[in-house]
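The structure appears below as structure tokens.
The values are calculated or read from the model by the stated rules, or taken from the named source; none is laboratory data. Everything numeric in this text was worked out from a predicted model, so none of it was measured. Every residue, glycine as well, gets a Cβ built from its backbone with ideal geometry; the counts of neighbours run over all protein chains shown.
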Amino acid sequence: MRTRKGTQMLRTILARRTHTAFQDTPVPESALNHILTAGMLAPTRFHQRPWHFIILRDAEVKQEIASALRLKPSLAGAPIWIAVVAEEDGPAAWDLDAAAAAQSMLIAATALGLGSAWLMPWLGNPDALERVEQLLGLPANVHLAMILAVGFPAEELPAHREEEVYESSRVHLEQVRHAPSNAPAC
Amino acid sequence: MYSAIEVIQQRRTLRRFTTADISDDDIQRLLTAAMAAPSLMGRKPWHFVVIRDAEVKKRIAEAFRVHPQLAEAPVWIAFLADVSASPAWRMDLSAAVMNTLLQATAMGLGATWIGTVDSKWTPGQVEACRTLYIPEGWELFAFVAVGKPAEQRPPHVLDPYVFSTRVHEEKWGNRRQVPSPQYHSEGGKQ
């Protein structure tokens, strides 16, 4: 059944695009609070809530991290970065909990008319990750999961189109359809 | 688009669903939301299996020892990852699940995330692998049970203690002093 709220939600989800250039206009505190709240209302495994959020506004700090990570310099121009970090919580689900919180925050940001980018350019580069974790002053049991750049976009990007996003080849009914050579693993 | 904020607050983990089926159109919208999630380098490591067979749901629920009531949800969606497609498949799939939960909530449906990813070769994984015919190189990341809710749970109220202890400024340990304005006076129950 199509509901107004459902349609609106899908519109927001499809409107989320990765932005790499931002206006200088500051992000209002109330918007930031909504975004952080959205992160903290995301589900976590066993309700462990392993995440913390470090707000970065200092231009020099952002630039230093951006250059350590070889990020596109315009990303450092986002007025706010949110570093999502998480304490190790027994079974390694901190990355999943952080990712769910991150996505919740991006949806909230989109709903508030803000642009965003989900950054984790240190995959496969442990030295860069360590350097950034040091800059953030993280204790040994706390890991950097991702950085979200948030700000009013320099340029409006068109929303994703529903018919392009939905790929029926990825949807299977009751069982994975196999190519004949592709046997199950069990 | 502001109502997304409301939906985020309304999303709750549900256990009880009515037996009313979910339409294919609704499932397509849930999966559109999933596939609109960001993924590292746009690699989209996800695949989905829509499960309606009551026997299959029951068997998998038993094997994973999840709450039996969850098997009564009319639809389970299995979230699978092609691990070779992206080193960030765990996070990418997490974002896809999150989108699905929010989309379901907005549509007045209940959706519950059943995490399975860290239980390789447990009875549940083996049962699911055989039943869903999961190929070599793919991981069963999670199930999402979807149905019309048979219980109402009030929207989330964020614990102000959590809000005030989890936000830092510029550096770890430099706690932000501002309390959550919109939830501050609501008490601390989740």
For A:E163: the one exception among (1) touching a residue at least 24 places away in the same chain (Cβ under 8 Å); (2) within 21 Å of B:L101 (Cα to Cα): (1)
Qualifying residue in the stretch A:102-111 (condition: closer than 20 Å to A:I13 by Cα and either of a type in the set (V, I, T) or surrounded by fewer than 15 Cβ atoms within 10 Å (Cβ to Cβ) (or both)): yes
Residue within the stretch A:153-166 that is part of a strand (DSSP E or B), at pLDDT 95 or above and more than 9 Å from chain B (Cβ to nearest Cβ) present: yes
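Residue-wise test of (1) on the phi < 0 side of the Ramachandran plot; (2) touching a residue at least 24 places away in the same chain (Cβ under 8 Å); (3) not β-branched (V, I, T); (4) not assigned by TED's automatic domain parsing to the domain that holds B:V126.
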{"position": "B:R12", "(1), (2), (3), (4)": "yes, yes, yes, no"}
{"position": "B:I22", "(1), (2), (3), (4)": "yes, yes, no, no"}
{"position": "B:D25", "(1), (2), (3), (4)": "yes, no, yes, no"}
{"position": "B:L30", "(1), (2), (3), (4)": "yes, yes, yes, no"}
{"position": "B:P45", "(1), (2), (3), (4)": "yes, yes, yes, no"}
{"position": "B:D53", "(1), (2), (3), (4)": "yes, no, yes, no"}
{"position": "B:V66", "(1), (2), (3), (4)": "yes, yes, no, no"}
Matching residues, the stretch B:111-132, being farther than 12 Å from A:P184 by Cβ, of a type in the set (G, A, S) and in contact with a strand residue (DSSP E or B) (Cβ under 7 Å, 6 or more places away or on another chain): B:A111, B:G115
Every residue from the stretch A:64-102 that is within 25 Å of A:A42 (Cβ to Cβ), in a loop (DSSP other than H, G, I, E, B) and not aliphatic (A, V, I, L, M): A:P79, A:E88, A:D89, A:G90, A:P91
Residue satisfying condition, being under 26 Å from A:N141 (Cα atoms) and of a type outside the set (S, T, Y), within set A:P79, A:P121: A:P121
Of all residues making up the stretch A:77-92, the number that are surrounded by fewer than 22 Cβ atoms within 10 Å (Cβ to Cβ) and either without any contact (Cβ under 8 Å) to a residue 24 or more places away in the chain or within 13 Å of chain B (Cβ to nearest Cβ) (or both): 6
Positions within the stretch B:24-82 being in contact with a Pro (Cβ under 6 Å, 6 or more places away or on another chain) and acidic (D, E), in sequence order: B:D82
Meets criteria (assigned to a loop (DSSP other than H, G, I, E, B), buried (at least 20 other Cβ atoms within 10 Å of the Cβ) and not β-branched (V, I, T)) for A:A42: yes
Test for A:Q63: is it under 20 Å from B:E169 (Cβ atoms) and out of contact with any strand residue (DSSP E or B) (no Cβ under 8 Å at 6 or more places or on another chain): yes
Selection from the stretch A:1-15 of residues that are farther than 13 Å from B:T32 by Cα and either more than 7 Å from every other protein chain (Cβ to nearest Cβ) or modelled with pLDDT under 95 (or both): A:M1, A:R2, A:T3, A:R4, A:K5
Pick from the stretch B:30-57, criterion basic (K, R) and farther than 27 Å from B:P87 by Cα, ranking: nearest to the other protein chains (Cβ to nearest Cβ): B:R52
Residues located in the stretch A:57-76, provided they are at the interface with chain B (Cβ under 9 Å from one of its Cβ atoms) and in contact (Cβ under 8 Å) with a residue 40 or more places away in the chain: A:V61
Enumeration of residues in the stretch B:129-168 that are more than 9 Å from every other protein chain (Cβ to nearest Cβ) and in a helix (DSSP H, G or I): B:P160, B:Y161, B:S164
Residues satisfying the stated conditions in the stretch B:136-158, i.e. free of Cβ contacts under 8 Å to residues at least 40 places away in the same chain and buried (at least 19 other Cβ atoms within 10 Å of the Cβ): B:L158
